[in-house]
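Chemist: Let me give you the structure first, and then I'll get to my questions.
Only the coordinates and a few stated rules stand behind these numbers; no lab work does. Keep in mind that this is a model prediction, so the values were computed, not measured. All Cβ positions, even for glycine, are placed from backbone atoms using ideal geometry, and neighbour counts span all protein chains on display.
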Amino acid sequence: TLHEELDETDTSNVSTKYKLWNAADGEPEEFETVPESIPGQDNGVKTISNEVTASGDYILQVKRVDEVGHESAETYEKKFSVDLVNPEIALTDGTLDDDYSQPVVDHRTVKFTVSDDFSLVDHAGIRLERDNGDGTFEEIAKGDEVFETGVIDDDGITVDESSTVQDPETGDSADAETTYSFNVYERGHYRIVITDKAGNDSYVDFTYN
């Protein structure tokens, strides 16, 4: 949604036109017209509202046109990204298949991979939570920060390996997969939650019996 404040001293019949498109689809040929402002009813504010239904990089262009067709010398342009897809997370190295009840082992090493095709996931966007037994979860660690000592290593969730694929056209990171690990020392039910840069969440649970 774009809100545009109009100059109340301008009494000419000025309209607003815009283009909004996904950069991957190509620029549309024609501008669309925004409904005219109604003096005294909308306080000189026009609203452009479009529903974005696909992830991607978007471009918005806006210009003013008077009643005889003269266009504004400058075109307002805004670029932004939309990510509607959750990141992916998966436990690796047989974490779920190991016998967690072995008495000779004082901890288990948990490894997992994280990938996201668009917004990517920061290290700080990964957190470990412990089930309190009543349906709620308590945050134990976030990235390399540990909030309760003794549950996992003091250095928190560490990066083991990271790979990034660059878009050949733009050079931007288009896909990345990173492997993380941590040692857990207290038995219980846990949840690893990941959040990408657009705010989309995914999680996976595991139990150390």
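Chemist: Report the full-extension gain for the segment T113 to N183: residue separation times 0.36 nm, less the Cα-Cα distance, to one decimal in nm. Intermediate results must be reported in sequence, preceding the final value.
Modeler: On the way: separation 70, 0.36 × 70 = 25.20 nm, distance 1.53 nm.
Between T113 and N183, full extension yields 23.7 nm more.
Chemist: Amide H neighbours of D153 under 5 Å, counting only residues 5+ apart in sequence or on other chains, H built in-plane at 1.01 Å?
Modeler: Amide H to amide H, under 5 Å and 5 or more residues apart or across chains, D153 pairs with N183.
Chemist: Could you pull out which residues in region 56-90 have an amide N less than 17 Å from a spot 7 Å beyond the Cα of D25, following the Cα-Cβ vector?
Modeler: Inside the label zone: 56-62, 78-85.
Chemist: A further question on this structure: Cross-link list K63/K197; K79/K197; K111/K142; K142/K197; K17/K197: which exceed 26 angstrom alpha carbon to alpha carbon?
Modeler: Values: K63/K197 31 Å; K79/K197 17 Å; K111/K142 15 Å; K142/K197 15 Å; K17/K197 31 Å.
As for pairs spanning more than 26 Å Cα to Cα, those are K63/K197; K17/K197.
Chemist: What is the extension gain from V14 to S162, computed as 0.36 nm multiplied by their sequence separation minus the C-alpha to C-alpha distance, in nm to one decimal? The partial results should precede the final answer.
Modeler: Details: separation 148, 0.36 × 148 = 53.28 nm, distance 5.30 nm.
Stretched out fully, the V14 to S162 stretch lengthens by 48.0 nm.
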